[in-house]
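What follows draws every value from the coordinates through simple rules; no lab data is involved. Quantities reported herein were computed from a predicted structural model and do not represent experimental measurements. Quick reminder, even Gly has a Cβ in these numbers, built from the backbone with ideal geometry, and neighbours come from all protein chains shown.
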Amino acid sequence: MLSSKPSTGAGWRFLRSRDLIQDCERHGPRRARRFTKGMTRNVLLKLLGGSGAHALRRWINLWPPFLGAGIRVKRIAPDMKAVDVEMKLRWWNANYVGTHFGGSLFAITGAFYMLMLMATLGRDYIVWDKAASIRYRKPGRGTVRAEFRLTDAQLDDIREKLKSLPKYEPTFKVEVKDEQGTVIAEVEKLLYVRKQEAE
């Protein structure tokens, strides 16, 4: 029989989850939505922050769409302000003429800026990818790389804008480069950011 207040273990986690769910049922769908959203965000933030950056990198590299395309995250900074990604040209991810498939060059830019902003801004902000565009400069061969960087100035700008605006849509540019450092594609990402509504 489970103890009523065990300090650790699956039993206590089960009891806490059951009590929270029952509380949600008593107080209606709004409480249930808040509980579900909070639980999901807490798990994600636990993965994103601090030492969890390594676990996040491992998880992304095993994600089937990236695994199949040959996309690998090489580095995630502990503060989530820098991410390095690369993709090697293989027979299974090449296009008809033997160069990188354009969709894969687009996919390598992924949702990294969204994840980085979620981690660095914190749970008081809602972040979504809203739009993206790509311009191909030259065929991609060999290993291609993309670097994502966030500065304190960019984060401060977002926080400052949202003091007076209901939402803010910052843009970020990413260059996909080959092994010689030549730009083969340019991607512009448009994100959506707003403050969490007070419960």
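Restricted to the range 140-165, and to residues that are over 20 Å from the mean Cα position of the chain (by Cα), among the basic types (Lys, Arg) and farther than 18 Å from GLU86 by Cβ, which residue is surrounded by the fewest Cβ atoms within 10 Å (Cβ to Cβ)? Here the answer is LYS163. The set of residues in the range 160-199 that are more than 18 Å from ALA131 (Cβ to Cβ) and among the hydroxyl-bearing types (Ser, Thr, Tyr) comprises SER164, THR182. Looking across the range 142-199, the residues that are β-branched (Val, Ile, Thr), touching a residue at least 40 places away in the same chain (Cβ under 8 Å) and closer than 15 Å to TYR113 by Cβ come down to THR151, ILE158, VAL174, VAL176, VAL187, VAL193.
Out of everything in the range 117-139 that is over 15 Å from GLU169 (Cα atoms) and either within 10 Å of the chain's Cα centre (by Cα) or of a type in the set (Lys, Arg) (or both), what residue ends up being surrounded by the most Cβ atoms within 10 Å (Cβ to Cβ)? By that ranking, first place goes to ALA119.
For the range 166-199, filtering for residues that are exposed (fewer than 12 other Cβ atoms within 10 Å of the Cβ) and either hydroxyl-bearing (Ser, Thr, Tyr) or assigned to a strand (DSSP E or B) (or both) leaves 1.
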